[in-house]
1. Would you tally the residues in the range 96-115 being more than 27 Å from the chain's Cα centre (by Cα) and surrounded by 14 or more Cβ atoms within 10 Å (Cβ to Cβ)?
2. Among the residues in the range 164-185, are any within 30 Å of the chain's Cα centre (by Cα) and closer than 29 Å to Q261 by Cβ?
3. If I ask for residues that are assigned to a loop (DSSP other than H, G, I, E, B) and of a type outside the set (D, E), which ones from the range 282-323 would you list?
4. A390 versus (1) free of Cβ contacts under 8 Å to residues at least 60 places away in the same chain; (2) not in a helix (DSSP H, G or I): which is the lone unmet condition?
5. Is it the case that E408 is touching a residue at least 40 places away in the same chain (Cβ under 8 Å) and open to solvent by 40 Å² or more (accessible area, probe 1.4 Å)?
6. Of the conditions (1) over 25 Å from the mean Cα position of the chain (by Cα); (2) open to solvent by 50 Å² or more (accessible area, probe 1.4 Å), A493 clears all except one; give me its number.
7. Those residues that are touching a residue at least 24 places away in the same chain (Cβ under 8 Å), in a helix (DSSP H, G or I) and either of a type in the set (V, I, T) or closer than 28 Å to V188 by Cα (or both), I need them from the range 91-124; list them, please.
8. E266 - would you say it is of a type in the set (D, E) and at pLDDT below 95?
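The values are calculated or read from the model by the stated rules, or taken from the named source; none is laboratory data. All values derive from a computational prediction rather than experimental measurement. So basically every Cβ, Gly included, is an ideal-geometry build from the backbone, and we count neighbours across all protein chains shown. To get the accessible areas, we keep the full protein, side chains included, count just its heavy atoms, and leave off ligands, DNA and RNA. Shrake-Rupley method; radii C 1.70, N 1.55, O 1.52, S 1.80 Å.
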Amino acid sequence: MPVTGERQAFLEQAGSVMKEEKGLVLIIGAGPGDPGLITLRGARALMRADVIVYDQLASAELLQFARKDARLIYVGKKGGDHTIPQKEINQLLVLEAKKGLVVARLKGGDPFIFGRGGEEAEVLVREGIPIEVIPGVTSAIAVPAFAGIPLTHREHTSTVAFVTGHEDPTKEKSGVDWERLSGIGTLVFLMGVKNLPGITKNIIRGGKSPATPAALIRQGTTPDQETLSGTLGDIAKKAAVKKLTPPAILVVGDVVSLRGQLNWFEGKPLFGKGIVITRPEDQAGEFAALLLEEGARVIRFPTIEVVPPESWYGLDRVIDAIESYHWIIFTSANGVRFFFSRLRERGRDVRDLKGLGLCTIGPATARAVEDRGLRVDIVPAEYISEGIVAAFEGRNLEGKKILLPRAEVARDVVPEGLKKMGAAIDVVTVYRTVRSGYKKSDLQPLIDGGKVDVITFTSPSTVINFKLIMGKDMHLPEQIKIACLGPVTAAAAKKHGFSVDILQAHYTIPGMVDEMKDYFAKQR
């Protein structure tokens, strides 16, 4: 998750709070699965924590809000399989808090809606430990909404009930009054997949018609969301045939019939498509956010890392003589970042660039420069090296000194093209790309499981290192498509044996997402 201005403010506020409060448990609702559904207060609380104790249903994306020094403890369960029994979780929270730590207890959905948050809170209070409860968006309302089912509607019902489909097994008698329950307009059952046949039979016995519309929604609010529609009388049989597994929510009521009109989420252009991002982790934020907005399943598999050059000698030399240059050309946002970082380390700043012309390869790189308070003079019409050369045609470059801070390995189109126009070019290395620590085993199970639909490449180095990581024996199923950012990357992909299926025209990340949307729209 990128550190936006808003998040930076959170971090600063959280830092001041951490110095004052110790020995505290924050019981936080993580929301139903989509990481964007956590509350702002919940995100702030995660940033305060020394220790985060989290569940299976809490999205792993939310852990990016954690401080780098925070300890993460997984205590989740899946389909009733507990990693740690509830009693031990309670003891763990008490133990960590008594060390004088701020403990975040991150729970899926809302902690007080069938989440056993109340039980944990009771234990903590009895032990004299301060608590704060931060409500979450409960799956009981969020999941039906993402399936296009409003739980109340003036023309259908004004009553709704939330019921656990998994009562305390130690109870001698069910606490559910099925007859009264059956008179309520909309019924929402959480954690009821295993008990589905019994639930539907009891509702029918209570008096609700077997013809009542019903829907079972699995993995709601995520790109893996799956909705099975039917009636109260046949939904259990349909679920058994389809072998639906938890987590899922059952909705029963006339409002389910509105799903045909209001199914907004599952109709998104990239819904359910598994899209692999191979660019560096710290540059994947914008790309991932755009894909998530279109309903995609984002798979982060960075094949490269961007690191400083082995020596700063070359860059230091030109920075010390920066006044002698007429132009600086940036061919990537990475080049911008490393150049300005080193400029500052050398005791200089943007004022030393006064009078220099600035050119960037495209709008994303231009944005990186302008964020530092400088105006870019040239952004070529075509966002490739050839476009930069074309943008300087007609300008008098005779005797002009041009600085090109770039990657260690790059094409020489720009320096060779501008030299022919009479310019003196200094090419300096400001960063290198190296292979990431990811392994074939991080991606292959997803490929084998049919969870990958598109692999994206944003530079030749992502292609090369993907091939190195996956090995010579790599085999991609035919249904997996290759998307490339620009013709240079596409050429590298073809050279390494990939068939390029999606190539967008504007060489930008938003353009790449649009091209994928168009591609799959045509496939429909």
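1. 3
2. no
3. If the condition is that a residue be assigned to a loop (DSSP other than H, G, I, E, B) and of a type outside the set (D, E), then A284, G295, A296, F301, P302, T303, P308, P309, S311, W312, A321 are the ones that fit.
4. Condition (2) is where A390 drops out.
5. It is true that E408 is touching a residue at least 40 places away in the same chain (Cβ under 8 Å) and open to solvent by 40 Å² or more (accessible area, probe 1.4 Å).
6. A493 satisfies every listed condition except (2).
7. The answer is V94, G117, E119, E120, A121, V123.
8. no
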